[in-house]
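Here is the structure we will look at.
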Amino acid sequence: MAITQQVLHSLKVVNLKNLINFYICFNGSPVTAILGPNGNGKSTVLHALACAFGPVEDGENYKFSSFFLPNTDALWNGSEMEITHSYRDGRAIHNEVTRQYKKTLVRWTPRYANRPKRDLYYIGIDKCVPMIESEKKQAKINYSTTVVTEEIIVSILEKASIVLNRRYSSYNIHDSAGKRFIGVEVEGLRYSALSMSAGEQKVFYILEKIFRAKKNSLILIDELDLLLHDSAMKKLVDVIHERAVDKNLQIIFTTHRESILELEDKVNIRHIICRPQKTLCFNETKPDAINRLTGVQPKPLEVFVEDDLAVAIVKKVAANLRLAKYLSIQRYGAAINCFTTIGGLLLGGDDCTDTVMLLDGDIYATEDEKIEKINRVITGHDNQAVQFREKALSLIYQLNLPAEEQPERYLHSIIIGMPESENQEFNEIIEVAREINVADSDHKYINDIISRIGFERNTGISKIIDLISTTDEWGEYTRDIHDWLNSKVEEVREN
């Protein structure tokens, strides 16, 4: 009876090459993308999986020595891993069976004949080498040409045309001195693999593999994005996903291309990174992972504030939550601009899922005042306008000032009520603040402290906020923005 309905659920590695105490899950989409920095084990995952199965019919038959060849520096003794998979053997269904693999002093176990059966195909980086670069002949190459017209080739030509944005009209097989290689025709121009670009050759190779693969096959592709334009790579993933669903294939590929994250609705995204004594795998797309892949730190959280004092307050709250590197802080100026800004964002199509407006709390403090200002910016009575007004109101937060109080004057009152501490820099700020009894402008309560001590403005504001953040009043004053930022911790930060 045939082995069918194979599904690979996970791979667990105790120790194999650079993978240590590692676990990766493939459940969800039939297509999985593995991302991570160079040298962190992406290819090793594919190599391990390639050796885990024996062919049913037409699949390739890899051994551990195909990828983990014993050598002077590595005999691979003590390597150990396991897969969890499901399959049907005739009428018997086997769910989530675990298979173990070990390298002893003598050999790998189990014996290759005892491995679970599944047709498997591995596409390595070597498939990216243009044929002309591997051809050693310097003289003219003569070959005969056969046009392939089978139905599956029609599908491959159609999909290649979509991926590469060229209208392919025929697919050919060329024979030359015992070698066979492909060729195509585009708008009357016929050429062989000898003249194909590396990316073009790779796309046809991948498409032929996935379209000819038997149902339930496992296909492993190393560096899917290599030599492909970003748009071609995304289109190829669309084709791969469509074929995987249609034929119950599982396709696992590695990539460095961060734009694959845009396809997470179709593809399982798995990030791999090595740590001492453990290789981590993250199943969600988070800024830390993107930073490792691109070298650029994303800042998905956005807070709009009135002035530089509010900037320092929000920075301090974020820093205490270890969220500072994920946060972008923008200034909108006068408080009235808060409503114009949020209205403009919503009307412009921004869903503002990770955006808030923060008011100082001295004006527009009540919900009725906020609603009045929102209604002036977002007008109309249609459903969209109503929804936008409700959304805008939900995105406006404020610092919690006592009634009839001004921000700078309130912060000054906190400082002068503080006892001295062991921190002499803080003590000087308290001492100078106590010398300011009355200021002719509310802003001068803070500005005068900075001026008298001789701080640069940004430095002075930061030090004053550091001091105030040690008080009991700080928690209540910043409660709303703290709670919002705290609600985002699990979304943006890897554990």
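Things to note:
- Scan of the range 340-366 for residues that are free of Cβ contacts under 8 Å to residues at least 60 places away in the same chain and within 25 Å of LEU411 (Cβ to Cβ), ordered by number: THR341, MET357, LEU359, ASP360, GLY361, ASP362, ILE363, TYR364, ALA365, THR366
- Filter result (surrounded by fewer than 17 Cβ atoms within 10 Å (Cβ to Cβ) and outside any helix (DSSP H, G or I)) within the range 470-487: THR470, THR471
- Here LEU309, LEU263, LEU280, LEU226 are screened, and the one residue that is crowded, with 16+ Cβ neighbours inside 10 Å, in the same structural domain as LEU46 (by TED's automatic domain parsing), touching a helix residue (DSSP H, G or I) at 6+ places or on another chain (Cβ under 7 Å) and over 18 Å from ILE123 (Cβ atoms) is LEU263.
- All conditions in (1) surrounded by fewer than 18 Cβ atoms within 10 Å (Cβ to Cβ); (2) over 30 Å from PHE282 (Cβ atoms); (3) of a type in the set (Lys, Arg) hold for ARG493, with the sole exception of (2).
- Qualifying positions in the range 405-450 - among the basic types (Lys, Arg) and under 47 Å from the mean Cα position of the chain (by Cα): ARG409, LYS444
- Selection of first residues in the range 85-101 that are farther than 14 Å from THR4 by Cα and of second residues that are among the acidic types (Asp, Glu), restricted to Cβ pairs under 8 Å at least 6 apart or on distinct chains, gives the following pairs, ordered by first then second residue: THR98/GLU82; ARG99/GLU82; GLN100/GLU80; GLN100/GLU82; TYR101/GLU80; TYR101/GLU82.
- Scope the range 230-249; condition farther than 17 Å from LEU35 by Cα, of a type outside the set (Gly, Ala, Ser) and out of contact with any helix residue (DSSP H, G or I) (no Cβ under 7 Å at 6 or more places or on another chain); matching residues: ASP238, HIS241, GLU242, VAL245, ASP246, LYS247, ASN248
- Cross-chain or 6+ apart pairs with Cβ under 7 Å, the range 472-495 first and in contact (Cβ under 8 Å) with a residue 24 or more places away in the chain, then hydroxyl-bearing (Ser, Thr, Tyr) and outside any helix (DSSP H, G or I): ASP480/TYR397; ILE481/TYR397; TRP484/TYR397
- Residues in the range 444-456 that are surrounded by 13 or more Cβ atoms within 10 Å (Cβ to Cβ) and either of a type in the set (D, E, K, R) or part of a loop (DSSP other than H, G, I, E, B) (or both): LYS444, ASP448, ARG452, PHE455.
- Test result for PHE455, aromatic (Phe, Trp, Tyr), within 43 Å of the chain's Cα centre (by Cα) and over 26 Å from ASP362 (Cα atoms): yes
- Scanning the range 428-443 for residues that are in contact with a His (Cβ under 8 Å, 6 or more places away or on another chain) and exposed (fewer than 15 other Cβ atoms within 10 Å of the Cβ) returns no hits.
- Candidates ILE219, ILE210, ILE251: the one that is in the same structural domain as GLU60 (by TED's automatic domain parsing), surrounded by 17 or more Cβ atoms within 10 Å (Cβ to Cβ) and in contact with a Pro (Cβ under 7 Å, 6 or more places away or on another chain) is ILE251.
- Matching entry among ILE430, ILE416 (being without any contact (Cβ under 8 Å) to a residue 24 or more places away in the chain, closer than 21 Å to ASP466 by Cα and among the β-branched types (Val, Ile, Thr)): ILE416
- Entry remark, the range 274-316: residues being of a type in the set (A, V, I, L, M, F, W, C) and at pLDDT below 85 number 7 in total.
- Residues satisfying the stated conditions in the range 26-67, i.e. within 19 Å of ARG99 (Cα to Cα), surrounded by fewer than 22 Cβ atoms within 10 Å (Cβ to Cβ) and touching a His at 6+ places or on another chain (Cβ under 7 Å): ASN27
- Within the range 286-294, the presence of a residue that is under 30 Å from TYR87 (Cα atoms), assigned to a loop (DSSP other than H, G, I, E, B), touching a residue at least 12 places away in the same chain (Cβ under 8 Å) and not β-branched (Val, Ile, Thr) is excluded.
To keep it simple, each residue is scored yes or no on (1) surrounded by 19 or more Cβ atoms within 10 Å (Cβ to Cβ); (2) in a loop (DSSP other than H, G, I, E, B).
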site	(1), (2)
GLN297	no, yes
GLU302	no, no
VAL314	yes, no
ARG322	no, yes
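- Members of the range 341-364 that are over 15 Å from ILE481 (Cβ atoms) and outside any helix (DSSP H, G or I): GLY348, GLY349, ASP350, ASP351, CYS352, THR353, ASP362, ILE363, TYR364
- Across the range 413-427, the number of residues qualifying as over 14 Å from ILE461 (Cα atoms) and either of a type in the set (Val, Ile, Thr) or surrounded by 12 or more Cβ atoms within 10 Å (Cβ to Cβ) (or both) comes to 8.
- Qualifying residue in the range 195-206 (condition: in a strand (DSSP E or B), in contact with a strand residue (DSSP E or B) (Cβ under 9 Å, 6 or more places away or on another chain) and of a type outside the set (Asp, Glu)): no
- Residue match in the range 376-384 (condition: assigned to a loop (DSSP other than H, G, I, E, B), closer than 22 Å to VAL305 by Cβ and β-branched (Val, Ile, Thr)): yes
- The lone exception for TYR87 - which of (1) outside any strand (DSSP E or B); (2) at pLDDT 95 or above; (3) over 10 Å from LEU120 (Cβ atoms); (4) of a type outside the set (Asp, Glu) it fails: (1)
The values are calculated or read from the model by the stated rules, or taken from the named source; none is laboratory data. Since this is a predicted model, take the numbers as computed values, not measurements. When we count neighbours, we look across all protein chains shown, and the Cβ atoms used for this are built from the backbone with ideal geometry, even at glycine.
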